[in-house]
Structures are given as structure tokens and as C-alpha cells.
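Comments concern the structure below.
Bear in mind that the values in this text are calculations on the coordinates, not laboratory data. Small disclaimer: the values here were computed from a predicted structure and weren't measured. Virtual Cβ from ideal backbone geometry, glycine too; neighbours counted across all protein chains shown.
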Amino acid sequence: MLACDTCEAWTQFIHFVKGRTSATAFGNWLAPIQVRDSSSDEITLEVPNVFVQEYLLSNYKKDLCAFLPVNVNGEPAIKFIVAPQQKKASITTTPLVKIIEEAPSHPLEVKLNPNYRFETFIEGPTNQFVKSAAMGVAIRPGMSYNPLFIHGGVGLGKTHILHSIGHYVQSTNKKLRVQCITTEAFINELVDNLRNKSIDRMKRFYRSDVDVLLVDDIQFLQNRLNFEEEFCNTFETLINQHKQIVITSDKPPSQLKLSERMIARMEWGLVAHVGVPELETRVAILQHKAQQKGLDMPNHIAFFIAEHIYNNVRQLEGAINRLSAHSRMLNLAVTEELVQKTLREMFQQIPAQKISVEQILKCVAAVFQVRVSDLKGSTRTKEVALPRQVAMYLAWKWINESLQMLGASFGKTHSTILHACKSIEKKIADDDTLRRQISMVERSISS
Ligand code: ADP
Ligand code: MG
């Protein structure tokens with residue numbers, strides 16, 4: 001799963017289309033599309049083939065414009081990539097030159113989002129503490145709080161603050177080497193380097209060529225048993241050399257399903273919470289974003305929106321994007337009526353429901369075309385054993401229960417669950433089909 005700006009808008013678009021199309025059409029055309037990357041002004045979608053791309057654009061262009069950022073030509077700002085076919089050739093059939101070209105020569109860093117700076121981060125009572133802690137770290141990296149651990153809900157500005165630190169350090173001290181990564185990228189890089197037998201180079205890079213390490217979304221390390229140790233070692237080496245580490249997460253360290261060693265390390269420094277902004281801050285954020293987009297928005301409208309969208313800044317941004325797209329498309333001023341019309345769906349926020357094992361079993365059964373009763377049973381045929389392991393893996397990933405409890409729900413022991421998790425994790429590292437099936441299950445669980 002990606003932690004990103006425009007993803008939210010994409011999810012809303014998918015939700016919107018789902019209610020207006022047949023299940024078959026949805027399954028064939030929309031469900032296989034994956035978000036690969038996104039920023040506040042563009043989204044990258046991976047499609048299985050160019051027909052899906054054409055289908056999307058010819059049937060939903062208007063809706064896409066309404067939901068997603070638009071480019072200067074008024075087109076939806078989407079970059080398409082066609083999914084690579086399943087890897088079939090073994091490495092020996094690949095020309096050597098290609099292998100050399102593809103081997104990562106140095107780790108991929110996340111480009112800092114140019115909009116995510118301290119100056120553009122609107123302060124309020126719920127994020128002031130985090131912002132000043134972040135500034136403290138940016139001014140004196142490695143000397144104040146180490147690590148700085150930032151946690152809080154989705155879309156509340158964690159990534160924004162993390163990148164702000166990066167910008168600040170880069171602009172004030174050119175000698176310091178800043179490396180900003182998402183946990184997903186770190187894991188992928190590890191996998192690539194293991195494959196290319198260049199793991200030592202990667203270790204060397206992280207342990208001696210980085211002064212400030214910014215790690216986004218550490219919660220993704222939770223289901224990656226095999227990678228936690230490597231991360232922990234890197235972490236310790238850097239801290240021991242007084243190199244600054246900043247970590248973001250959707251939960252505080254103690255609630256992460258990570259080893260005690262890892263949790264203790266993350267609690268070494270300062271743990272700071274970024275909360276939901278209160279009304280005045282939300283209004284200020286809306287006004288700031290509207291101004292950036294060149295949208296003329298009266299004060300009472302900003303209040304009206306801020307009263308109805310209250311727990312996610314990213315959604316406030318989505319609201320502005322949508323509103324500006326609509327007002328531009330229809331050539332209308334921003335009135336309460338237009339807001340009601342265009343943002344009504346965003347106003348009806350459904351509280352995230354708790355996911356149950358039954359729900360997971362149902363979704364897994366649907367995607368893998370087996371019966372729920374088979375998943376619950378103990379048949380060991382391959383057709384059933386794999387989806388059963390997937391269900392265990394997803395239960396572990398999504399349900400905040402101990403392995404023992406989860407084991408009990410499946411009528412199995414905790415070590416069976418653990419074994420399933422490890423095995424699925426290993427498989428998804430290079431099985432694209434399985435990965436896609438799992439994300440289909442995840443999508444249907446969350447819809
Ligand atoms: P998180 O990483 O916590 O999920 P992000 O940092 O991606 O959230 O923030 C989501 C969007 O909301 C970003 O575009 C960010 O710029 C914006 N945002 C969040 N908080 C603020 C704030 N206090 N002031 C201005 N923009 C904010
Ligand atoms: Mg984030």
C-alpha cells in the first residue's frame with residue numbers, strides 16, 4: 001500500500017465508479033489498475049495493458065478530472081505505465097550489459113517533494129510540538145533528539161514534515177548527505193541487492209554514506225519479518241555514529257508489531273504525535289491550498305468545508321482539487337451550492353470498520369475461487385492451502401490481535417500462522433500474480 005497524496009482521490013474515484021458500473025466491467029477494467037506513485041499534482045497508474053488505459057480515459061475522463069489533479073491542459077494528470085509481463089527468462093538469458101545497467105549502482109532515494117517545506121506547513125495546537133521538534137532536528141541534526149519518531153493518522157502531514165527536515169538540512173548544510181526513503185523502497189532495495197549480490201555495497205552506503213536518514217512509514221516493516229533485522233542493524237550503526245534518524249509511522253512504537261529490540265530503539269529519542277487539526281487550522285489549510293491553486297474561495301465556504309471534513313488534511317486537499325476542477329469545468333463561482341454538489345460524498349465519512357477474520361476469509365475465497373468452508377478446513381491440496389495461508393497472512397497484517405488469538409480464530413496454532421506469514425511474504429517478493437491477487441483481496445476488504 002502506498003502512502004500518498006492523490007491516492008485518496010483515486011480511491012474516491014474508484015468508489016464513485018464502482019457504484020455506477022456492473023461488477024463484471026468493474027472487475028475487468030477498473031480493479032486491475034494499481035497506483036504506482038503519486039504526488040499532489042500527478043498520479044502514476046499501472047495498467048495491465050493499453051486497452052485498460054484507453055477504456056479509462058474514454059469512459060471516465062470527466063470524472064477523473066473532477067477527482068484527480070488536472071494538468072495545464074485541463075486533462076487528468078495521469079501517467080500510465082503498462083505492467084511488465086511476468087518474468088519468464090532466467091537471468092542467464094539476459095544480456096550482461098542489461099544486468100549491469102539494471103543493477104542499482106547506488107540506492108534509490110525519494111525525491112523530496114518541493115511543496116513539503118516548513119514554510120508551507122500550517123501550524124496549529126495539534127501539530128506545533130511535532131513541527132518544533134522537527135525544526136530542532138533539522139537545525140542540529142544528530143545533536144538533539146535521535147531518533148525523532150513521528151506518528152499520527154493518515155493524511156495529517158507526517159511525510160510533509162519529514163521532507164521539510166530534508167529540505168532544511170540540504171539548504172543549510174550542503175555537506176550533509178540526506179537520504180529519504182519509504183520503508184517499502186528500503187525493502188525493495190534490499191530484495192534487489194540480495195538478488196544482484198550487491199548487498200554489501202548497500203550496507204556500506206547506508207552505514208557510512210548517510211548523515212541524515214529519513215524513513216517514511218515504518219509500519220510497513222511490520223509484515224516483513226525477514227527485513228526487520230537488517231533495518232535494525234543499520235539503525236543502530238547510524239545512531240552510534242550520531243547520524244540523525246527520523247522515522248514516521250501511523251502508530252506509536254509500542255503499538256507496532258515489531259520486535260522488542262526494534263521498538264526499544266525507536267523509543268530511544270523523542271516520540272512526537274501529530275494530531276488532527278482543529279477547525280481554525282483546517283480553515284487556514286484550506287485557504288492556503290486554495291490560494292496555491294488560484295481558486296477564489298470565500299471564508300464562509302472554507303469554514304463550511306472544514307466543518308464537514310475533519311480528520312484528514314489530505315482529504316481537505318482533495319476537496320480543493322475537486323472543487324477547483326468543477327468550478328473550472330462548469331465555469332461557476334465557489335458557492336455553498338457547488339460545494340454541496342461536488343463534495344457531498346466526501347462529507348459522508350464512513351468510520352473505518354473493524355476488519356474480521358470472517359470478512360477476510362470471504363474476500364480471499366472470492367478472489368481465489370474457493371469455498372470459505374475449505375479455507376476453514378484442513379485439506380492440504382495446493383488450491384486451498386495457498387489461499388488459506390493468504391488469509392492468515394492478511395489477518396495478521398490487518399487485525400490487531402496476537403498470533404495466539406489469530407491462531408485460535410483459524411483453529412490453528414500460532415506457529416502455523418507465523419509460518420504462513422513468512423511463506424507468503426517470501427512468495428510475494430517475486431510472484432507478481434500473487435501480489436496482485438492479494439491486493440485485490442485487500443481492496444475488497446476495504447470497500
Ligand atoms: P501523512 O504522511 O501523515 O499521511 P502527508 O504528509 O502526506 O500525510 O500529508 C497529506 C497532505 O496534506 C500533503 O499534501 C500535505 O502537504 C498536506 N498537509 C498535511 N498537514 C498539513 C499542514 N499542517 N499544513 C499544510 N499542509 C498539510
Ligand atoms: Mg505519509
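Could you give each residue of segment 273-281 its phi-based ³J(HN,Hα) in whole Hz, using Karplus coefficients 6.51, -1.76, 1.60 with θ = phi - 60°, and x for Gly or Pro?
9, 10, x, 6, x, 7, 3, 4, 5
Between 185, 408, 133, which gets the highest mean-square fluctuation from a Gaussian network model of the chain, Cα cutoff 10 Å?
Top of the fluctuation ranking is 408.
When only Cα pairs under 8 Å and 6 or more residues apart are kept, what is the percent relative contact order across the chain?
Taking the mean separation of contacting Cα pairs over the length of the chain, I get 14 percent.
Would you order 29, 396 from fewest to most other beta-carbon atoms within 10 Å of each residue's own beta-carbon?
Values: 29 19, 396 23.
Arranged by neighbour count, lowest to highest, 29, 396 become 29, 396.
What percent antiparallel are the DSSP beta bridges of the chain, to the nearest 5?
Bridges in the chain are about 20 percent antiparallel.
Would you pull out the residues with amide H under 5 Å of residue 36's amide H, same chain only if 5 or more places away, H placed 1.01 Å from N?
Distant-sequence amide H within range of residue 36: 44, 45, 46.
Quickly estimate the mean residue ellipticity at 222 nm for the chain, helices only: each DSSP H run with n ≥ 4 gives -39500 (n - 2.57), and the total goes over all residues, rounded to 500.
-17000 deg cm²/dmol
What base-10 log of the normalised intensity I(q)/I(0) is obtained for the chain from the Debye formula, alpha carbons as equal point scatterers, at q = 0.09, 0.10, 0.11 Å⁻¹?
-0.66, -0.82, -1.01
Which length gain, in nm to one decimal place, applies between residue 333 and residue 123 when the Cα-Cα distance is subtracted from 0.36 nm times their residue separation?
Computed gain between residue 333 and residue 123 is 72.7 nm.
May I ask you to evaluate 6.51 cos²θ - 1.76 cosθ + 1.60, the Karplus curve with θ = phi - 60°, for each residue of segment 380-392 and list the ³J(HN,Hα) values in order in whole Hz, giving x for glycine and proline?
In residue order, the calculated couplings are 9, 4, 4, 4, 9, 5, 5, x, 5, 5, 4, 4, 5 Hz.
Which ³J(HN,Hα) values in Hz, rounded to whole numbers, follow from the phi angles of segment 360-376 under the Karplus curve 6.51 cos²θ - 1.76 cosθ + 1.60, where θ = phi - 60° and Gly and Pro get x?
3J(HN,Hα) across segment 360-376, in whole Hz: 4, 4, 4, 5, 4, 4, 5, 6, 8, 6, 10, 8, 4, 4, 5, 5, 7.
Fewest to most neighbouring Cβ within 10 Å: what's the order for 283, 50?
Numbers: 283 22, 50 10.
In increasing order of surrounding Cβ atoms, one gets 50, 283.
With +1 assigned to the C-beta of every Lys and Arg and -1 to the C-beta of every Asp and Glu, and no other charges, what is the dipole magnitude of the chain about the Cα centre in debye, to the nearest 20?
960
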